[in-house]
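A.B. asks: Got a structure for you, written out below as structure tokens; questions coming shortly.
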Amino acid sequence: MSETRWLSPDEQRTWRAYLTAHRLLLDEIDAQLRRDSGIPHAYYEILVRLSETPGRTLRMSVLAEGTRVSASRLSHAITRLEERGWVRREDCPTDRRGQLAVLTDDGFAALAAAAPGHVEAVRRALFDALDAEQVQSLGTISRILADHLDATGGETGPPEA
């Protein structure tokens with residue numbers, strides 16, 4: 001059994017500051033989207049990912065992987081977005097077991113209406129607090145962490161429902 005590599009006092013402060021900042025940032029972004037557009041951040045991310053693909057269509061499994069949620073959690077979200085008329089499901093023409101999520105015109109319009117407020121909230125909550133060098137450092141660090149976790153499988157993979 002290997003010995004535990006405890007965090008140093010500086011690492012512990014950094015970890016806790018990161019956790020607090022991450023939670024506050026996500027809470028702020030989610031609150032703005034819900035208040036101004038009635039869209040939870042998780043649904044907004046789904047709409048964005050669909051809007052950025054050819055035909056505004058993605059296979060459900062690819063969408064689940066991209067948003068890092070379980071298939072069942074994504075299915076629930078897609079059902080809610082279908083109820084609003086923003087997304088529809090279609091059978092995959094190349095695989096009878098697969099399904100596609102398709103962003104509708106109404107969904108695209110809802111996303112377009114929500115985007116300016118969302119971008120302003122991100123700017124206020126994150127970028128206005130940093131200078132240009134800090135933004136560059138944050139980008140570098142974020143890419144390093146994402147690449148590291150992606151390469152190691154994040155140890156646990158996507159969360160389950």
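A short reminder: the numbers here are calculations on the coordinates, not readings from a lab. No experiment lies behind these values; they were computed from the predicted model shown. Please note: Cβ atoms are built from the backbone with ideal geometry, for glycine as well, and neighbour counts cover all protein chains shown.
A.B. asks: With a point put 7 Å past each Cα toward its Cβ, work out how far Glu83 is from Ile144 in nm, to one decimal.
C.D. replies: If labels sit at Glu83 and Ile144, their model points lie 4.4 nm apart.
A.B. asks: Can you give me the relative contact order of region 10-114 as a percent, contacts being Cα pairs under 8 Å and 6 or more apart?
C.D. replies: With pairs under 8 Å counted, the relative contact order is 25 percent.
A.B. asks: Moving on to the next point. Mind running the shape call on region 40-100? Use the C-alpha gyration tensor, a ≥ b ≥ c as the square roots of the eigenvalues: rounded below 1.5 for a/c, prolate if a/b tops b/c, oblate otherwise.
C.D. replies: Rounded, because the longest to shortest axis ratio a/c is under 1.5.
A.B. asks: Rounding to the nearest 20 debye, state how big the charge dipole of region 10-114 is about its Cα centre with +1 on each Lys and Arg Cβ and -1 on each Asp and Glu Cβ.
C.D. replies: That gives a dipole near 240 debye.
A.B. asks: Between Leu145, Leu58, Leu25, where does the largest GNM mean-square fluctuation fall for the chain, given springs only between Cα atoms within less than 10 Å?
C.D. replies: Leu145
A.B. asks: Picking from Arg97, Arg23, Arg68, which is most flexible by a Gaussian network model of the chain using Cα springs under 10 Å?
C.D. replies: Checking each option, the largest mean-square fluctuation is seen for Arg97.
A.B. asks: Could you work out [θ]222 nm for the chain from helices alone, using -39500 (n - 2.57) per DSSP H run of at least four and dividing by all its residues? Round to the nearest 500 deg cm²/dmol.
C.D. replies: Using -39500 (n - 2.57) per qualifying helix, the result is -21000 deg cm²/dmol.
A.B. asks: Separate question: Could the peptides 118-124, 15-21 be put in order, highest first, of the mean number of other beta-carbon atoms found within 10 Å of their residues?
C.D. replies: Ranking, from highest mean packing down: 118-124, 15-21.
A.B. asks: Same structure, new question: If the elastic network links every pair of Cα atoms under 10 Å, which of Glu90, Glu133, Glu45 fluctuates the most in the Gaussian network model of the chain?
C.D. replies: Maximum fluctuation in the GNM of the chain, among the listed residues, is at Glu133.
A.B. asks: So what's the convex hull volume per residue for the Cα atoms of region 24-161, in Å³?
C.D. replies: Spread over its residues, the Cα hull of region 24-161 gives 135 Å³ apiece.
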